[in-house]
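Only one structure is covered here, and it is reproduced in the block below.
Readers should treat all values here as calculations from the given coordinates under stated rules, not as data from a laboratory. From a predicted model like this one, the values you see are computed outputs, not experimental measurements. Positions of Cβ are generated from backbone atoms using ideal geometry, with glycine treated the same way; all protein chains shown enter the neighbour counts.
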Amino acid sequence: MLSEGRKKSRVTLLDVARHASVSRATASLVIRKSPLVSTETRAKVEAAMEELGYVYNMGAARLRADRSLTIGVVIPNLVNPFFTELLAGIETVIDAAGMVVILVNSGDIATRQETLLTRMREHGVDGIILCPAAETGPLLVERMVEWDLPLVQVLRRVSDDCDYAGVDYAYGMRQAVNHLAELGHRDIAFAVHGPVHSAYQERIDGFCEAMQARGLDPDNIIRVPNQIAAIAAAADLFTSGSRRSSAVVCFNDVVALGLSAGFYDLGITIGHDFSLVGFDDVADAEAMRPRLTSVATFPVAIGEGAARLLLDRLAQPDLAPRKLVKAPQLHVRQSSAHWNKGDGGRVKNAG
């Protein structure tokens, strides 16, 4: 006698349709999450599936439609909370389309990224959303075309011949520098870290242009380590020596968090003795004390935009390459303050 599990595994879509008193075509539309099906009919079919123990055969469906209903997402860093928010935006759109995301981490290593992309191709993903690892070249885009694998670049770009969703980093840096300059700061540093890529260079260019426009020194760019504890230990780079600063713009909020801890250890009060501006404005910015002034880059919205670009590309492969570039917005809180040289070099909170 066949087990109950064996019996359930043999339930067909036609069985479901008959049980729900609908056509097989209608049941199929429910399976594919078609908007053409009424709410009442969908509920009937789903109830029949539940009662009969119907299991959708994704493998067979893929053979029929030549689609896997999976999207590959490749990011360079799983630690930075920015990428968590980016992924949330991607998944919101991809889930609504009845597809799923396969997430992998390149570690910002181009050779590892190449291996991951090859594996995703072998597993038949329908398309890729990629934040290119440092040292990725434009040949990657050509390879994706050869593979007939739709690709959307996100946050960083290596080619204009491919869809892209990102941020106007230079504009964000101008907002940060102008904010500090208007508070009276003249000695403004830029704390950078990590490998060089398009987003890195756009931040550098934006900082230098903004500083030059204000008649300030654009060369006060200081590299800090990648780990928060090591960043904290490097805080004295900004408070001593010939390049002593009164304010720092940070490459991202991770750098700001590390420097905030380092200044605390040095007895320097952020928002009183020193001004600090982050970049990305992830959730931790509001949780920090003092609350961090930061340039919001809206990672959830960028993720949603990247996912929509990819879905459009899957539906219309011949579309011209498109760009969605999000304008960032400075959020002023407690960590940036007026510079008052007459008060012993102290600053006054601007938030």
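The table that follows gives values for the structure above.
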quantity: Exposure proxy order (Cβ contacts within 10 Å, fewest to most) of Glu286, Glu202; calculated: Glu286, Glu202
quantity: With Cα atoms, 0 to 90° folded angle of helix 110-122 axis to the chain main axis; calculated: 10 degrees
quantity: Cα gyration tensor shape of the range 70-154, rounded if a/c is under 1.5, else prolate or oblate by comparing a/b with b/c; calculated: oblate
quantity: Spin-label pair Arg32/His123, simplified geometry with 7 Å Cα→Cβ offset, distance in nm; calculated: 2.5 nm
quantity: Unit charges on C-beta of K, R, D, E only; dipole of the chain, Debye; calculated: 760 debye
quantity: Percent breakdown of C-alpha pair distances by 20 Å bin, ordered from the shortest bin, for the chain; calculated: 27, 43, 23, 7, 0
quantity: Calculated FRET efficiency for the pair Ala315/Thr39, C-beta based, R₀ 25 Å, to 0.05; calculated: 0.50
quantity: For the range 4-56, the spread of Cα positions along each principal axis, largest first, Å; calculated: 33, 15, 14
quantity: Non-local Lys pairs in the chain, i.e. 8 or more apart or on different chains, that have alpha carbons under 30 Å apart; calculated: 6
quantity: Where Rh is the Kirkwood radius over Cα pairs, Rg/Rh for the range 253-297; calculated: 0.94
quantity: Degrees separating the helix 253-265 axis from the principal Cα axis of the chain, which is the longest one; calculated: 40 degrees
quantity: Spacing of the two label points (7 Å from each Cα toward its C-beta) at Ala229 and Val145, in nm; calculated: 4.8 nm
quantity: Under Karplus coefficients 6.51, -1.76 and 1.60, residue-wise ³J(HN,Hα) of the range 11-19 in Hz, glycine/proline x; calculated: 5, 9, 5, 5, 4, 4, 4, 5, 5
quantity: Convex hull projection area averaged over all views, the range 104-205, Cα basis, nm²; calculated: 7.2 nm²
quantity: Cα gyration tensor shape for the range 174-268, rounded if a/c is under 1.5, else prolate or oblate; calculated: oblate
quantity: Packing rank of 176-188, 212-224, where each peptide gets the mean count of other beta carbons within 10 Å, highest leading; calculated: 176-188, 212-224
quantity: Between 0 and 90°, nearest 10: helix 169-182 axis offset from the chain longest Cα axis; calculated: 30 degrees
